[in-house]
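Participant: Okay, here's the structure, questions in a sec.
The values are calculated or read from the model by the stated rules, or taken from the named source; none is laboratory data. Source: prediction; values computed, not measured. Cβ: placed from backbone, ideal geometry, glycine included. Neighbour counts: every protein chain shown. Only protein heavy atoms, including side chains, enter the accessible area calculation; ligands, DNA and RNA are left aside. Shrake-Rupley method; radii C 1.70, N 1.55, O 1.52, S 1.80 Å.
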Amino acid sequence: MWMKRVVMISLMGASLMIAEGCTSGTTDQTKTYAEDGYMGMTNTNPNLPINPTYHGYEADTNMIKSALANVQGIRDSRINLNGSHATIKLYVPKDTTNADMERIKQEAEIELTKAVPRYKFYVKMAR
């Protein structure tokens, strides 16, 4: 009889220690979305037009043009946006050397990636 009590008390003590080990004093708090007036929709769906950080193709094109304005040697450009891909064709003066064309291409890729990082850029060069 006493052996049964010892085993029961030991099992209860072990189960209490295991239960305490699983809940080692962590205090999880529920995280809520910001009170944006749209029931948190601007945080959960960043591509909705109601989101202040939403950019359409027109805004992206303007940011790309301003990024290309920082690169010296570009005469004109054509911008083609397709989903997350952007094909940019840069026109340089006819007397531009191949080395300068490569420098312009690299500078343009750096500026574009900094300005609009959500696109994968394909930069083409033409004289």
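Participant: Can you find a residue in the range 38-45 that is open to solvent by 100 Å² or more (accessible area, probe 1.4 Å) and modelled with pLDDT of 65 or more?
Facilitator: no
Participant: Restricting attention to the range 118-127, and to residues there that are open to solvent by less than 30 Å² (accessible area, probe 1.4 Å) and in a strand (DSSP E or B), which single residue is farthest from residue 66 (Cα to Cα)?
Facilitator: 126
Participant: Just the residues that are under 29 Å from residue 95 (Cβ atoms), open to solvent by 40 Å² or more (accessible area, probe 1.4 Å) and in a helix (DSSP H, G or I), please, taken from the range 57-83.
Facilitator: Result: 65, 66.
Participant: Another question, if that's okay. What number of residues in the range 84-104 are buried (at least 17 other Cβ atoms within 10 Å of the Cβ) and either over 20 Å from the mean Cα position of the chain (by Cα) or among the hydroxyl-bearing types (Ser, Thr, Tyr) (or both)?
Facilitator: Qualifying residue count for the region: 5.
Participant: To continue, here is another question. Could you list, in sequence order, all residues of the range 106-117 that are in a loop (DSSP other than H, G, I, E, B) and in contact (Cβ under 8 Å) with a residue 40 or more places away in the chain?
Facilitator: Within the range 106-117, just 116 meets the criteria.
Participant: Quick check on the range 84-105: of everything there that is outside any helix (DSSP H, G or I) and of a type in the set (D, E, K, R), which residue is farthest from residue 57 (Cα to Cα)?
Facilitator: 95
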